[in-house]
Amino acid sequence: MLQNRNWIPRVDEKPFSIAYDEHSRLGLSVAKVGRFTEKLFEYNKGDLVGIRGPYGSTFTLPDGVKRILLVGGGYGVAPLATLASQAIVRGITVDFCNGARTKSQLLFMDRLKALDISPHVATDDGSEGRKGFITDVAKELLETNSYDCAYTCGPELMEQKVVDAAAGKGTASQVSIERYMKCGFGICGACCIDDSGKRMCTEGPVVSGEFARTQSEFGRFHRVASGHKVPFNAH
Ligand code: FES
């Protein structure tokens, strides 16, 4: 899940994952959630923003992979949709789990259908698909099918459940660990995770599920800009 850093002069700079990768063109998906993105939504076609990157690691499709499970929650669906496109081009069977709080927040349903993928859906309020957690759907799929790899991106507690369930079935997994980023290219240490100290802007954000499960902070806490630890809230 490579990330770019976008810069609006005199406003701020923020990281965004790449939602479309068409070789000569990249696409970013932006949700209006704060001062930076509100400003970005005021821009018109042709206005200039600064972009640096891409930085970090990305999801990979090892040779010989035939069937994969993708589990995305909320905005985490964006990079997985790109991965699904790449997998379909290579003839890989894709089972896609798309989770959100409510129907209007489900991302890329049309894009997935255009790829001939029928996503498995769960919403917290039951407005689309199953009412409940997408992790329950993912666990059922892992029980009934054989996958070469599971990929997950979204809320970290969701990711943790997916990599744990995959490990329980002996299935390899890849996970994107999002951390607060400052420099974005490996010199400030803001994005280092315990216990390894690996930098999620450089050696991550995508790491193997096997590695993530060895890190004491995965699924437990993250750090804010000051460096203070903030626990993830359990469901
Ligand atoms: S954000 Fe500075 S080292 Fe990762």
Residues located in region 182-192, provided they are buried (at least 17 other Cβ atoms within 10 Å of the Cβ) and either at positive phi or not assigned by TED's automatic domain parsing to the domain that holds GLY154 (or both): GLY184
Yes/no for SER176 being within 15 Å of the ligand (Cβ to nearest atom), hydroxyl-bearing (Ser, Thr, Tyr) and surrounded by 22 or more Cβ atoms within 10 Å (Cβ to Cβ): yes
Residue, surrounded by the fewest Cβ atoms within 10 Å (Cβ to Cβ), within region 193-210, restricted to residues that are more than 14 Å from the ligand (Cβ to nearest atom) and acidic (Asp, Glu): ASP195
Residues being of a type in the set (Gly, Ala, Ser) and buried (at least 17 other Cβ atoms within 10 Å of the Cβ) - total across region 30-59: 3
Unique residue being modelled with pLDDT under 95 and touching a Leu at 6+ places or on another chain (Cβ under 7 Å) when the list is PHE185, PHE232: PHE232
Some residue of region 129-145 being closer than 30 Å to ILE51 by Cα and in the same structural domain as LEU83 (by TED's automatic domain parsing): no
ARG223 vs. criteria within 19 Å of the chain's Cα centre (by Cα), surrounded by 15 or more Cβ atoms within 10 Å (Cβ to Cβ) and under 13 Å from PRO15 (Cβ atoms): no
Single unsatisfied condition, PRO155 versus (1) within 19 Å of LEU107 (Cα to Cα); (2) within 16 Å of the ligand (Cβ to nearest atom): (2)
Near pairs, Cβ below 6 angstrom, 6+ apart or cross-chain, from region 181-192 (near the ligand (Cβ under 6 Å from one of its atoms)) to any residue that is assigned to a strand (DSSP E or B): MET181/PRO15; GLY184/ARG5; GLY184/TYR55; GLY186/ARG199; CYS191/ARG199
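The values are calculated or read from the model by the stated rules, or taken from the named source; none is laboratory data. Treat the numbers as computed from the prediction; the structure is a model and nothing was measured. For neighbour counting, all protein chains shown are included, and Cβ atoms are generated from backbone atoms with ideal geometry for every residue, glycine included.
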